[in-house]
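Engineer: I'd like to ask some things about the structure below.
Just so you know, all these numbers are worked out from the coordinates, no wet-lab data involved. Just so it is clear, the structure is predicted and the values come from calculations on it, not from any experiment. FYI the Cβ positions are ideal-geometry reconstructions off the backbone, even for glycines, and counts take in every protein chain you see.
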Amino acid sequence: MLTDGKPIVYWDACVPLSYINETTDRLPHIEGIMTEVAQKQEFHLATSVISIVEVAWAKMEQDGKILDLDTEARIAKLWQVGSPIELVEYFEEIGEKAKRLMRIGMTKGWRLKPLDAIHLATADHMKVSRFDTYDGALTKYEEITETHFPIVEPNASQPVLALTAPLPVVATPTEAPVEAAVEELASYPVRSIRKIQFPEDESETSE
C-alpha cells in the first residue's frame, strides 16, 4: 500500500509514455526503476489515474494513424494488478492544490497546464520523495509546492541495458516469483485497473 511509510517516487505521464514509445536513451533508466520496485519493493512507484488518458497511444500509431493491438495490450499492462506502477485517484482536494499551483505560477509569469498541475498536486498530496519527468519546464515548480519535492529526470541505480524487457511484476509473499508472475500477467483482463484512494489528511487545508 502507498500508505505503508515507504518512500514514493512519482512518475509524470511522459515517463510511462516513453516506455511505450521505447525511447532508446530513456528505456534503461525507466526499466531499471520498474525492476527495482518489483524485485526489492523498497519504495513505491505511483502516478495519477489521469496518466491512463495521457498514455493513449504510441508514437508509431500516431505517425501512421493506425491502432495496433499489441501496443494497446502493452499500454493496458501498465495499469493492471501486478504492475510496478500504482494509480492514485483524483479528488477535490487535489484539484484545489492544482488550482493553487496554477494561480501562484501565474503571478510569476509561468504557464502551468491543468494536467501538469494535477500531477504536481497529486505528488504534493502524497509527500513524494521524488517527481520524475522529462519535462524540464516543470522543475521550477519545486519552489511553490508545499513539500518542495525534487523534480528530476528518471535515474535508476541500476539501469537495464537490455531494451524492451518484459514489464516487471510486483510479487507478494503469497505470489509466485517474478518470472512466473510475468506469464500470469498476460492472462489478466485488459481493463483490470488498480486504483488507490488516499484518506484525507485532516491536518492539511486546501488553499
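Engineer: Net charge around residue 153, counting only other residues with Cβ within less than 13 Å of its Cβ (Lys, Arg = +1; Asp, Glu = -1)?
Structural biologist: That works out to -2.
Engineer: Loop-only check: which GluC sites (Glu not before Pro) in the stretch 83-122 are DSSP coil with at most 15 other Cβ within 10 angstrom?
Structural biologist: Passing sites in the stretch 83-122 are 89.
Engineer: May I pose another question? Mind running the shape call on the stretch 74-151? Use the C-alpha gyration tensor, a ≥ b ≥ c as the square roots of the eigenvalues: rounded below 1.5 for a/c, prolate if a/b tops b/c, oblate otherwise.
Structural biologist: In terms of gyration-tensor shape, prolate.
Engineer: Let me ask you something else. Would you mind counting up the charge near residue 43? Only other residues with Cβ under 14 Å from its Cβ, with Lys and Arg at +1 and Asp and Glu at -1.
Structural biologist: After counting each charged neighbour, the total is -1.
Engineer: Further question on the same structure: Count the net charge of all other residues whose Cβ sits under 12 Å from the Cβ of residue 29, scoring Lys and Arg as +1 and Asp and Glu as -1.
Structural biologist: Charge balance in the 12 Å sphere: -4.
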